[in-house]
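The values are calculated or read from the model by the stated rules, or taken from the named source; none is laboratory data. Quick caveat: nothing in here was measured; it's all calculated off a predicted structure. All Cβ positions, even for glycine, are placed from backbone atoms using ideal geometry, and neighbour counts span all protein chains on display.
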Amino acid sequence: NGDTAGAIAAYNAIAADTGAGKLYQDLAVILAAGLEVNDPSVDPKKVQDRLTPLMEAGNPWRFSAQELAAALALRAGDKAKAVDIYSTLSKDAETPARMRQRATELLTILR
């Protein structure tokens with residue numbers, strides 16, 4: 001119904017609920033970050049801090065976390081960091097094909 005703040009609060013509640021299980025807690029972090037990435041009232045550093053643990057090798061949400069981290073870096077004015085993350089995504093054979101394509105296209109624009 002367009003209640004972005006309510007959705008973010010719900011995702012944050014799931015992320016904090018250890019009973020939800022790590023997979024769903026991490027997904028909730030990704031979904032909240034996806035809503036927060038373009039919200040000027042949200043500190044991109046705080047969102048980045050929540051995404052960083054999800055970017056580790058082996059985390060099933062790592063590619064989504066990396067893509068959001070690159071968008072946050074751009075929002076924060078750190079083009080070099082965004083280029084580095086998009087470059088990593090574009091070169092990793094495990095990155096989902098469409099995400100790898102987006103990363104490659106964004107690299108072309110940013111370089």
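Identify the residue in the range 60-111 that is part of a helix (DSSP H, G or I) and among the polar types (S, T, N, Q) and, among all such residues, is nearest to residue 49 (Cα to Cα).
Step by step, filter the range 60-111, then rank; the result is 66.
Please verify whether residue 57 is aliphatic (A, V, I, L, M) and assigned to a helix (DSSP H, G or I), treating the condition exactly as stated.
no
May I ask you to list the residues in the range 13-45 that are of a type in the set (Ser, Thr, Tyr) and under 15 Å from residue 64 (Cβ atoms)?
The one that is of a type in the set (Ser, Thr, Tyr) and under 15 Å from residue 64 (Cβ atoms): 24.
Can you tell me which residue among 10, 5 is modelled with pLDDT of 95 or more and either over 29 Å from residue 100 (Cβ atoms) or not in a helix (DSSP H, G or I) (or both)?
Answer to the selection: 10.
Just name the residue that is nearest to residue 15 (Cα to Cα) out of those in the range 34-49 that are under 12 Å from the mean Cα position of the chain (by Cα) and assigned to a loop (DSSP other than H, G, I, E, B).
Looking at residues that are under 12 Å from the mean Cα position of the chain (by Cα) and assigned to a loop (DSSP other than H, G, I, E, B), I get 37.
If I go through the range 3-43 residue by residue, how many of them are hydroxyl-bearing (Ser, Thr, Tyr) and at positive phi?
0
Does any residue in the range 64-80 that is farther than 12 Å from residue 33 by Cβ come within less than 6 Å, Cβ to Cβ, of a residue that is modelled with pLDDT under 95 and surrounded by 20 or more Cβ atoms within 10 Å (Cβ to Cβ) six or more places away or on a different chain, and which pairs are these?
76/44
Mind checking which residues of the range 7-24 are more than 19 Å from residue 37 (Cβ to Cβ), without any contact (Cβ under 8 Å) to a residue 24 or more places away in the chain and either touching a Gly at 6+ places or on another chain (Cβ under 9 Å) or not acidic (Asp, Glu) (or both)?
13, 16, 18, 19, 20, 21, 22, 24
Checking residue 52 against (1) under 26 Å from residue 12 (Cα atoms); (2) modelled with pLDDT of 95 or more; (3) surrounded by 17 or more Cβ atoms within 10 Å (Cβ to Cβ): exactly one of these is not met. Which one?
Tallying (1) under 26 Å from residue 12 (Cα atoms); (2) modelled with pLDDT of 95 or more; (3) surrounded by 17 or more Cβ atoms within 10 Å (Cβ to Cβ), residue 52 fails exactly one: (3).
Taking the condition hydrophobic (A, V, I, L, M, F, W, C), surrounded by fewer than 18 Cβ atoms within 10 Å (Cβ to Cβ) and farther than 23 Å from residue 81 by Cβ, does residue 28 pass?
no
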